[in-house]
Amino acid sequence: MSEHVSISESTSQHARERDVKLSCRNLWKVYGPNAARYFPALSGIVEDPATLIKQLRSDGLIAAACNVSFDLHDGEIFVIMGLSGSGKSTVVRCLSRLIEPTAGEIILDNQNLLKASKTELIELRRHKMGMVFQHFGLMPHLTVLENVAFPLKVQGIAPAERQRRAAEMVELVGLKGREYAYPRQLSGGQQQRVGIARSLAVEPEIWFLDEPFSALDPLIRRQMQDEFLRLQRLLHKSIVFITHDFLEALRVADRIAIMKEGEVVQRGSPTEVIMRPANDYVAEFTRDVPRAKLITAGSIMSPSEGHLTASEAVPETMTLERLIPRFSQGLEVIAVCDDTGSIAGQISAQEVLTALAGTEEESP
């Protein structure tokens, strides 16, 4: 039986100020005969989700996604992670309706995608959505430029324009000079860059990435994460990113949802997940995380007592790794400022030690 926890999520002020691009509400995907009969309300709202999940499994159905809800904000990287079989890839495929959900709502720009016709859905995929998967899916008989231009050809874009846009995307992902190479002549990392360029060529408003780097060697994977973050700083896409690698999730995410057996067991910022794991399953993911590199001063600061000056303050975004050396100068308390330069709080050496040791005592 799956473990049920209450999910608390404190969204940052920056995230709250962004508009919601996509809402996933009470999403269910159940495999088995006549699964829809369990959902008289196709909105996916059920009185007791935990009891329904038990019933579905008792009746021999496979509950791949269970009552999944989250918002994706403009320009945000929202990471869904979990072990193999947790339901994360099922969810992202439901968002684009590559898999048809059993119940729930998926709202993109105030439009319920589950009510979109086949024609409307094709247009949405062609013009608003970009998708990158673990397997690159390049067409071996086409060059890099032709692969990138292919979705533009499907859209009916004129040859000269699609050539121009494809060339721009090839340069954007760092493959200028390889336009006329074929996939077999490229490394794994280069092939994935082509896949990314192809998905960006249609100038999507929302980007779905399903374990895009998991097939790559560790060094290449790190380089592709760097490339991905560089592109995001330039393009500010709204992104749903799927991974089973917690360190990758921490590196790229603005917020994280962790899934287990089809359910979201915790949502929050990377720091929130590390500092306040919802249960033992989440705590296991965070056990070996280098906390000093990830926890920021703003996430653990306490209210200011009023005697500190802004000239001595550190920014909220400073990591503990960079903050710790300042205490060697004999300081007991350091002021923390927000992005306007005003004092937002203070942090002590003891608070840093507590954060690095973990927020709760581990049982023997």
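Report the one residue of 181, 214, 199 whose Cα lies farthest in the direction of the positive end of the charge dipole of region 153-219 (charges on C-beta: Lys and Arg +1, Asp and Glu -1; origin at the Cα centre).
181
Roughly how big is the chain's charge dipole about its Cα centre, with Cβ charges of +1 (Lys, Arg) and -1 (Asp, Glu), in debye to the nearest 20? Can you show the working numbers first?
Working: 40 positive and 47 negative charges, 343 e Å.
It comes to approximately 1640 debye.
By its C-alpha gyration tensor, with a ≥ b ≥ c as the square roots of the eigenvalues, how is the chain shaped: rounded for a/c under 1.5, else prolate for a/b larger than b/c, else oblate?
Numbers: a/c = 1.99, a/b = 1.25, b/c = 1.59.
Note, shape of the chain comes out oblate.
Cβ neighbours within 10 Å, averaged per peptide: list 172-178, 342-348 in order, most packed at the top.
Numbers: 172-178: 16.6, 342-348: 18.7.
For the peptides 172-178, 342-348, the packing ranking is 342-348, 172-178.
For the chain, what is the mean residue ellipticity at 222 nm derived from helices alone (per DSSP H run of n ≥ 4: -39500 (n - 2.57); sum divided by total residues; nearest 500 deg cm²/dmol)?
Working: 15 runs with 135 residues, N = 364.
Computed mean residue ellipticity for the chain: -10500 deg cm²/dmol.
Compute, for region 51-174, the length of the dipole vector about the Cα centre, with Cβ point charges of +1 (Lys, Arg) and -1 (Asp, Glu) only. Units Debye, rounded to 20.
Numbers: 14 positive and 13 negative charges, 75 e Å.
Dipole of region 51-174, to the nearest 20 debye: 360 debye.
For the pair residue 112 and residue 179, what calculated FRET efficiency results from E = 1/(1 + (r/R0)^6), where r is the Cβ-Cβ distance and R0 = 41 Å, to the nearest 0.05? List each step's numbers first, then the result.
Working: r = 40 Å, r/R0 = 0.98.
So the FRET efficiency works out to roughly 0.55.
Out of all DSSP beta bridges in the chain, what portion is antiparallel? Express it as a percent rounded to 5.
Within the chain, antiparallel bridges account for around 55 percent of the total.
Which of the GluC sites (Glu not before Pro) found in region 248-352 are in a DSSP loop and have at most 15 neighbouring Cβ atoms, other than their own, within 10 Å?
Numbers: sites: 248, 261, 263, 272, 284, 305, 312, 316, 321, 332, 351; in loops: 261, 305, 316, 332.
Within region 248-352, the qualifying GluC sites (Glu not before Pro) (loop, at most 15 other Cβ atoms within 10 Å) are 305, 332.
Sequence gap at least 6, Cα distance under 8 Å: using those rules, report the relative contact order of the chain to the nearest whole percent.
Values: 639 pairs, mean separation 67.1, N = 364.
Dividing the mean separation by the residue count of the chain yields 18 percent.
How would you order 129-137, 75-83 from highest to lowest mean count of nearby Cβ atoms within 10 Å? All intermediate terms of the calculation are to be shown ahead of the outcome.
Numbers: 129-137: 19.0, 75-83: 22.4.
Taking the mean over residues of other Cβ atoms within 10 Å, the ranking is 75-83, 129-137.
Test of the criteria: in region 260-364, which trypsin sites (Lys or Arg not before Pro) are in a DSSP loop and have at most 16 other Cβ atoms within 10 angstrom of their Cβ? It would help to have the intermediate numbers written out before the result.
Working: sites: 260, 267, 287, 291, 293, 322, 326; in loops: 287.
For trypsin sites (Lys or Arg not before Pro) across region 260-364 that sit outside H, G, I, E and B with at most 16 neighbouring Cβ atoms in 10 Å, the list reads 287.
If amide H atoms are built 1.01 Å from N in the plane of the peptide, which residues on other chains or at least 5 residues away come under 5 Å of the amide H of residue 80?
241, 242, 243, 257
Given Cα pairs under 8 Å that are at least 6 residues apart, what percent is the relative contact order of region 293-357? Don't jump to the answer; show the numbers that get you there.
Values: 109 pairs, mean separation 26.0, N = 65.
Reported as a whole number, the value is 40 percent.
Pull up the DSSP beta bridges for region 293-357 and report the antiparallel fraction as a percent, rounded to 5. Please report the intermediate quantities before stating the final value.
Working: 7 of 9 bridges.
Counting only bridges with both partners in region 293-357, antiparallel ones make up about 80 percent.
Using a simple charge model, +1 on the beta-carbon of Lys and Arg, -1 on the beta-carbon of Asp and Glu, nothing else, what dipole does region 293-357 show about its Cα centre, in debye to the nearest 20? Don't skip to the end; give the middle numbers.
Values: 3 positive and 8 negative charges, 44 e Å.
Dipole size: approximately 220 debye.
Please list, in order along region 125-140, the HN-Hα scalar couplings obtained from phi with the Karplus expression 6.51 cos²θ - 1.76 cosθ + 1.60 (θ = phi - 60°), rounded to whole Hz, x for Gly and Pro.
Values, residue by residue: 5, 6, 10, 10, 10, x, 9, 10, 10, 4, 8, 4, x, 6, 8, x Hz.
Quick check on region 293-357: take the gyration tensor over C-alpha atoms, sort the square-rooted eigenvalues as a ≥ b ≥ c, and tell me if it's rounded (a/c under 1.5), prolate or oblate.
Numbers: a/c = 1.57, a/b = 1.30, b/c = 1.21.
Here region 293-357 falls in the prolate category.
No value in this document is a laboratory result; all are computed from the given coordinates. Worth saying up front: this structure is predicted, and the values here are computed from it rather than measured. For neighbour counting, all protein chains shown are included, and Cβ atoms are generated from backbone atoms with ideal geometry for every residue, glycine included.
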